[in-house]
Amino acid sequence: MGLSFCGTDEDVNSYSVEKGMLNNGCFVDALNLVPHVFLLFITFPILFIGWGSQSSKVQIHHNTWLHFPGHNMRWILTFLLLFVHVCEFAEGIVSDQMMRTNHLHLFMPAFMGFIAATTSVVYYHNIETSNFPKLLLVLFIYWVLAFITKFIKLWKFTEFYLGPQHLRFCITALLVLLYGLLMGVELNVIRVRKYVFFANPQKVKPPEDLQDLGVRFLQPFVNLLSKATYWWMNPLIIGAHKRPIELKKIGKLPIAMRALTNYLRLKDAYEDQRTAEDPNRAPSIWRSMYRAFGRPILLSSTFRYLADLLSFAGPLCISGIVKHINEDNNTAVADQKTGETRLNVYFMSSTELLQNTSVLAVLLFLALVLQRTFLQASYYVTIETGINLRGALLAMIYNKILRLSTSNMSMGEMTLGQINNLVAIETNQLMWFLFLCPNLWAMPVQIVMGVILLYYLLGSSALVGASVIVLLAPVQYLIATKLADTQKSTLEHSTDRLKKTSEILKGIKLLKLYAWENIFCDSVEDTRGKELTSLKTFAFYTSMSIFMNAAIPIAAVLATFVMHQILKESGPTPSEAFAALALFHILVTPLFLLSTVVRFAVKALVSVQKLGEFLQSDEIGDDSWRNGDMPVFMEAGKKHTGGTKAINRKQPMRYQMDNYELPTRRQMRPTETEDVAVKVSNGFFTWGSNLSTLSDINICIPTGQLTMIVGQVGCGKSSLLLAMLGEMQTIDGRVHWSKLPDYETVHEGNISWSGAEESDEDIQSKNRYSVAYATQKSWLLNATVEENITFGGPFNKQRYKTVIDACSLEPDIDLLPFGDQTEIGERGINLSGGQRQRICVARALYQNTNIVFLDDPFSALDIHLSDHLMQEGILKFLQDDKRTVVLVTHKLQYLIHADWIIAMKDGSVLREGTLKDIQNNDVELYEHWKTLMNRQDHGLEKDIQQDSQTTLERKTLRRAFYSREAKSQMDDEDEEEEEEEEDDDNMSITTNRRSKIPWRVCWCYLSSGGFFMVFLMVSSKLLKHSVIVAIDYCLAYWTSSKSNAGVFNGTGLADGNSTNTTLLWPGDPNSENNSYYLPVFIILSAAGITLCLITSLTVEFLGLSAATNLHHNLLNKIIHAPIRFFDITPLGQILNRFSADTNIIDQHIPPTLESLTRSTLLCLSAIGVISSITPMFLIALAPLAVAFYFIQKYFRVASKDLQDLDDSTQLPLLCHFSETAEGLTTIRAFRHEARFKQRMLELTDTNNTAYLFLSTANRWLEVRTDFLGAVIVLAAAGASIWNYRLTSRGLVGLALTYALTVTNYLNWVVRNLADLEVQMAAVKKVNSFLGTESENYEGSMDASQVPENWPQDGEIKIQDLCVRYDPMLKPVLKHVNMYIEPGQKVGICGRTGSGKSSLSLAFFNMVDMFEGKIVIDGIDICKLPLQTLRSRLSIILQDPVLFSGSIRFNLDPERTCTDDRLWEALEIAQLKNMVKALPGGLDAVVTECGENFSLGQRQLFCLARAFVRKSSILIMDEATASIDMATENILQKVVMTAFADRTVVTIAHRVHTILTADLVIVMKRGNILEYDKPETLLEQEDGMFASFVRADM
C-alpha cells in the first residue's frame, strides 16, 4: 500500500477534474494546505532571524507586557482551533483506515493546520512582547486565506448533500467559524491600535506595575498559557535551589492587590450602606464583601463548574474504552460501518469516532488536562481574592483600633487578646471561607450530576450506593462540628497553659529561690492534662473523619453491586462497574469537603459577627481641638513666617532674662489665657462606668513652665493627664487647649534649643497639637533604639546626642551588640525596666512639640539617674527650649524646681499653686511634704560614685547579650545537620542540605510516640491498602467472568475461550462463579472497612503519645534548668517552643503524617496494579518518575523558603497590631496615626506577597503533578489498548480507574512531604532544648537528715567563697570570708558589678560555687538537697513578681499557712486595709503579673510573702526601689521590729537604708573592701562607705 496524496483506488481516478476543479474533494483538500504553508514560509524566517532583539522603546521587565486588544480572546480561540484540528486529524486517520488504500489528503491538511495554528500563537506572542504591531498583518492575511479555503470546502459539502450528521461537515463548519472570529480579532487590533492604514498610530504606555522593577508577581501580566501553567514561576522555584528565596526576591505586590487599594474598595462598599435616613444602622459586612469582591468569586465559580463537568469525562471515557476494547479487531470493522462514501472518500457519522478506543484515550487525556487547569485557575482566583480581602479587613481593623476609646481598652470590653484574635484568627477565617466559597455552590451540582450518571450506568441499584453516601454526609457534618468544638476547648486549655508557662518563665528566678518550681510545674501539667483530654477527643474525631472518608466509597460500591446482583441476578459488566467505581471516587470528595465548607461557613458567620461588633464599638470622643482639620493649623503657622525678623530682635532679651531669674518668682497670671497652655474647667471624667474617676477638676497648665502633679499612689494623677489628652470620657466640663498668638508660635520655633535659627519648615513641623507623652508603663516599638527615640521624626544628630546624655543612655547603648541600631525585642523584652523607661522619656524629649507630658518618669530609675534626668533633661533641655512640661512624680524633693504644683487626692485637686503659695496657705501639707523629703537636694556633684540599679541593669544586659550572641550563632547553625561538619561550604553541599528530608528528626518523633504504635501503624496501613487492592481485583474478575461468558460464545472468536479460562480463579467451574464472587467481595469489603478504622485511629494516637512525651520532657527539662540558662536564652525563644512548636506537634503533624502515608501508598499501589496488568506501562513510567523527582525536589525547597517567609512576615504584622493597641495613648498624643497606618499597610503587603507566592507555588506544583497524572492515564490507556489481546476488560477497567486516582494523589504526596519537612523543624527545635543540663537537685545529704526547724539561729559562716556564673566565665566573687551572728542586721553595699547580688544568689546555691563554702547553722549548704535549702530561707527581690491567681495563692502557694498568719503578714506590710477592702479579701483576684496593683503595692506583697515564710534568715535584694518615701520609711521600721530576732541581710542601693544596721559590708569587684559597724566606717573620712553616705545625703 503505497502512500499517495489522493489515494490509489483502482476503480476511481482520484486526480480527474472533469466535473470541475472544485468538485474533486482531493483538490479542495490540497487547496486547504496553501494558507498553512504560506504562514510557515513567512513566519519562520522572521522568528529565527531574531529581529526581536530590537526591543521596545520602553524598558519593561520580564517581557510580559500584553497590550494588544483582544489578547485573551485570541488565545482562547487558538486553543479551540488546535483542539478542532486534533479532532479533524483523528477523524481523517479513522476514515483513512476504512478505505482500501491510504488517502493522505484526509489528515494531512489537519496536521499542517495544527502546526500553523501553533506557529501563529508563538509568532503573535513574540510580536506582542517586542511591540512590533506592523508584523501582525501576516497573521491577518493568513486568517483571511484560511477562512476562504475552508469556506469553499464547506460549500462543496453542502452541494453534495452532506450535513451535520457527518462528522467532517461539523468539523469544517467549526473551523470556518473559528477562522472568521480570529479575522475579527485581528481587525479589532487594527481598529484600536491604528498601526496600519492610519496616519497616526496610537501610542501606548506600559502599566505602572510593569515599569516598577520591584513588582515580581507577574501572574496578572503574563499570557494565557503562562497564566494557566504558572510558567513565569519557574525561575523563582528552580532558583531557590541555589540560594534561598528572600524578601527582596519576591518584591512588591501589584497595585491592584495592595492592602490600601482593597481597603478603599471595602470601605466604600461599607460606608455606602449608611443612608441618610438611618445613619446609625450597622452596615452589613457580608454585603460590603460581596460588593467589593463579588466579581472574582463569580469568575472562580465559573472555572469551578467547568472543571466539575469535565471531571465526569473520566468515568465516561473509561466506560467507553472498556466497552469497545475487544471490538477494535479489524474483523469486526465491517459490522460497525455507519458512515457512507461520497466524493470518492469515506464520511463517518458523528457518533462513530467516539467508539474508537485510541480516540477515547486521547480525549480522556485532554479532558484531564483541561479539568485540572480550570480547577487550579479557580483555586488561584479565590486565593488571590481571599488575600485581597484579608488585606482590606486588616486595614479596616487597624483604622478602628486607632480610634478605639481608651476606656474600652482599660475596662476590658476590648482586650488585647480579642484584638489579636481578630487579626490572627477572624480575618484568616474569612479568608479561608472565601477560598472554599465556590465549593458551596459547585458541590451540589457535582453531586446531582454524579448521581444522574450513576443511574444511567447501573439503573436503580446505583441509587442505593448514592444514598449510602448521602446519608452518611450528615454524620460527617456532625463529626466536623464536634471537631470544631473540641478544637475550641483545646485552644482555651492551651492558652491557659501558655499563660501559666509564661508566668513561670518570667518569674523563674523567684520560683527557684522559693523552691516552688514543682508546684507551678504541676499546675502546668494539670492544665496540659486537660488539654490532652480534649486533644484525645480531637484525635478520635479526626480519625473518625478520615475513616469515613476512606470507608464510604467501599461501602457505597459494596451496597451498589450487592443490590445489582439481587435485582438483576447478575453482576454488572466491566464497563459499568469501573465507570461506577470512578464515579463513586469523584462523589466522595465533594461530600467530604461539604462538611468542611459548611463548618467554615459557620465559623465565617461568627467571625463576621465579631468583626461587626468590633467595628461598631465606641470610638474616642471627637474633641474639636484634637480632630480639628490639620491643614488649617498648618496654614496658621505658615502665614506669619514672614514677620519673624521684626519680633526676633526683642526676643533674645526676654529669653536671657528668663534664664537668669529664678523661675519660682515669676508671677502667674491665670487671667491672661496666652499664659495657659491647657485649662480644664469644672471637669468630671470617667473611664466609662458612670462613676467619675476625676471630679470637679479646675486647673491651668501655664505655658512654657514646669508643672508638677503630686499625690499618693492611685489618686488619679495619670488619669488627669489622659483626661487632658482627651482619652477619658467627659461627663461634664471641658478641656481648653489655648491657641497661642501667632507671634509666639513663631518665636517658639526660632529659639530652638541650640540657639540657632530654625528654618520655616521646622516652625511648621512644631505642630502644637501633638503632645510628647511618656507613659508610666513604658511602651517600646519592636525596632532599633534609635527608631524608638526619634519615633519617626527627622534625625538631628546634635539633638539626639543631647537627649541621650540627658537620659544617661550612653553607657547602656555602648553595651548593646549593635549600639543604638540594636533591635529591641518584642515589647522591649531584652531591656530592664529602667532602661525601657529612659528610652520612653528620651522619645518624649526628642520630639519637637510644645507640650511634654511625663507620667512618673522616675519610677523605675535610681536616685542618681533621676537627678541627672531632672537637671539635664527637664530643667535644662526642656525649660531652655521654652516647652510646657507637665510632670507627675512621687519624688517630692524635686518640688522646689516646680513653677506650678497641683496636689491631688482621691480623684480631685487638693491644692494648686506655687510652692510658696502652698507654704503660706497650707502649712500642714507643706510640713507633711517636708518630713517626706528627708534628704535635701544638693545638686549633683559630678564626682560621686554612681552606684545604681542602672549599672546592675547594664551588667545583666551585658551578660545577656554576651551569651545571646553565642546563642544566636548556635541558632543559625541549627539549620545545618549535626553530622555535616565539613568546612568546605561550596554550592553543592548547601543545595543537597536544602533538598534533603530530615529523616533523623522524623525518627526522633516516631520513637517518642512509642515503638509498639509505630509497628501497629505501619502494619495496619500496609494491610489496609493490600485489602483495598484485593477488593478491586475481585471486582475485576467477577465482572469479567460474566461478560466474557456472554460475549465470546456469540462471536466465536478463537481467543475467546482462552481469555475466559485465564480469568477465572483456579478450579472455578463457570456455572458457579457469580455465587462464589459475591461472598468473597462482601468479606473483603468488610475487612477493608475495619482496617480503615484501625489505621485512622493508630496514626492519630501515635501522634498524641508523641506530643504527650515531648511536652512533658520539655517542661521538666526547662523548669529544672540552671538560672544561667534563662539568662542566656531569650524568653521569646523558650515560649515559642511551648506555643507554636508544641501546637504543631499536637495538632498538625499527625494529620500530615496520615495524609502523606495514605497518598504515597495509594500512588504506589496504583502504579503496582497498572504495571502488573500491562507491563508495557513501565516503559512510560521511567521518564515520568524522573520528571516527578525533579518537580518535588525543586518544589520542596522553594515551598520551605516561602513558608518561612510567610511565617517570618506574619509575626511583625501581629506584633505591630498588638504594639499599636498597647501604645494607643502614646500614638494618639503624638498624633502619629498616619505613620503607623503606613507601616501597617507595608507589613500587610509584605505578608500577603509571601502568602500569595506560597499559594501560587502550590498551584505551580499541582498543575505539573496533574499533567504528569494525565500522562500516566494516557500511558495506562495506551498500554492496555495495544495489549488488548492479553488483558480482559475487567482488568483494563481496573488499570484505568487506578490511573485516575493517581492524578488526585500525586500532588498530595509532594505537598505533604513539604509540609512535614517544615513541621518537623518544630520537633527539631524542641529536641534541641531537651539536651539542656538540669540543676543538681539531690545534694549529698538526705532531706530526712536535716533538722525540722533548721536554720533556727540564723548563723552564717562564709569561708573562702569563690563564685562564677558559668565555668566559661570569670569568677564574680573571689575568696570572700565573713561571719554573721544570729539575729544580726547586715547591710551590703558597693557599686554595681561588685558582686552584691551574686552573693545573695550564692546563699541559695543558684550559682556555681567552685571553691569555699557557706555554712548556715552548722550545715554546708552545698550538701543539702536544693528543695530543702531554698524552702528554708526567704528572699525579697528587687523586681516584684506576682502570679495570676488569688492573693492567698501569691503569699502561700503551698497552702500551708492559716489565714491569721497571712493577715498578720499583710498587716506588717501595710496592706491589710487595702486587701480587706477588696472583694473576696484574701481570695481577691490578682491579674497577670499583678497588673491590677501599682508597682509599690506589688513590692509590698513581695515583702508580705517573705514574712509569711517564718524563716530565720531573710535576704532583701534592694527591695525598696520602687516605693515612695513614706512607705519606705514605714518598711524600714517594720523590718527592724518584725524581724527583730532574725538574721536580715540587706543589699542596698540607697545607703541611708542601712545606716541602722549592726554590720556593714562594702564590696568591690567581688572582694570585701570594708567590714565593720556603720558608725566605725563613717569615722573613716576617706573610706568608701563614708563617700557613699555623703553622696546619698
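Quick look at the numbers
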quantity	calculated
Given charges at Cβ of Lys, Arg, Asp, Glu: the range 1092-1247 dipole, positive-most of Ala1182, Val1169, Ser1139	Ala1182
Net lengthening on full extension, Val923/Asp880 (0.36 nm per residue, minus Cα-Cα)	12.3 nm
Estimated dipole of the range 1149-1233 in Debye, rounded to 20 [Cβ of Lys and Arg +1, of Asp and Glu -1, Cα centre]	320
Too-long pairs where the Cα-Cα distance tops 24 Å, listed order kept, from Lys512/Lys1564; Lys150/Lys323; Lys1385/Lys1564; Lys717/Lys891; Lys717/Lys801	Lys512/Lys1564; Lys150/Lys323; Lys717/Lys801
Fully extended contour minus Cα-Cα distance, from Tyr1189 to Ile115, at 0.36 nm per residue	383.5 nm
Per residue value of the accessible surface for the range 1415-1517 (all protein chains in place, 1.4 Å probe), Å²	36
Under 13 Å from the Phe5 label point (7 Å along Cα→beta-carbon), backbone N, the range 64-104	104
Placed amide H near Leu1569: partners under 5 Å, 5+ positions off or other chain	Val1562, Met1563, Lys1564
Asp732 long-range amide H proximity, modeled H, under 5 Å	Phe684
Only Lys, Arg (+1) and Asp, Glu (-1) charged, at Cβ; the range 1437-1479 dipole about Cα centre in debye	140
Under the Karplus curve 6.51 cos²θ - 1.76 cosθ + 1.60, θ = phi - 60°, whole-Hz ³J(HN,Hα) for the range 482-495, x wherever Gly or Pro sits	4, 4, 4, 5, 4, 5, 4, 5, 4, 4, 4, 4, 6, 5
Where labels lie 7 Å past Cα in the beta-carbon direction, separation of Ile255 and Ile997 in nm	4.7
Karplus-derived 3J(HN,Hα), 6.51/-1.76/1.60, for each residue of the range 349-356, Hz, glycine and proline x	6, 5, 8, 4, 4, 6, 9, 8
Å² of accessible area per residue within the range 1150-1289, as computed with a 1.4 Å probe and no ligands counted	32
Accessible-area ranking of Ile1170, Ile1419, largest first, probe 1.4 Å	Ile1419, Ile1170
Simple spin-label estimate for Tyr1571 and Trp441 in nanometres, 7 Å along Cα-Cβ	8.8
Solvent-accessible surface ranking, highest first, for Trp687, Trp143 at 1.4 angstrom	Trp687, Trp143
Cα shape, the range 231-310, gyration tensor, a/c 1.5 rule	oblate
Net charge dipole size for the range 1222-1367 [Lys, Arg +1 and Asp, Glu -1 on Cβ; Debye, nearest 20]	1640
Contour minus Cα-Cα distance for Ser1172 and Asn698 (0.36 nm per residue)	161.2 nm
Anisotropy class of the range 366-479 from Cα gyration tensor, a/c 1.5 cut	oblate
Computed FRET value (nearest 0.05) for Lys797 with Met73, which takes r as the C-beta separation and R₀ as 45 Å	0.15
With all protein chains modelled, accessible area of Thr486 [1.4 Å, Å²]	20
Vicinal HN-Hα couplings computed from phi for the range 996-1010 (Karplus, 6.51 cos²θ - 1.76 cosθ + 1.60; Hz; Gly/Pro x)	7, 8, x, 5, 4, 5, 4, 5, 4, 5, 5, 5, 6, x, x
Accessible surface of Lys1374 - all protein chains present, 1.4 Å probe, nearest 10 Å²	80
Estimated distance in nm for a label pair at Ile566 and Thr1556, the labels positioned 7 Å out from Cα along Cα-to-Cβ	9.7
Unsatisfied cross-links (Cα-Cα over 19 Å) in the set Lys267/Lys1237; Lys242/Lys1200; Lys996/Lys1324; Lys777/Lys882; Lys134/Lys203	Lys777/Lys882
Amide H within-cut-off set for Ile1515, under 5 Å, with H built and near neighbours excluded	Ser1434, Ile1435, Ile1436, Val1545
Accessible surface of the range 1146-1235 [probe 1.4 Å, protein heavy atoms]: carbon and sulfur percent	70
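The values are calculated or read from the model by the stated rules, or taken from the named source; none is laboratory data. Just so we're clear, the structure is a prediction, and the values are computed from it rather than from any experiment. Reconstructed Cβ throughout: ideal geometry from the backbone, glycine too, with neighbour counts over all protein chains shown. When the accessible area is computed, the model is the full protein with side chains, heavy atoms only, and any ligands, DNA or RNA have been set aside. Shrake-Rupley method; radii C 1.70, N 1.55, O 1.52, S 1.80 Å.
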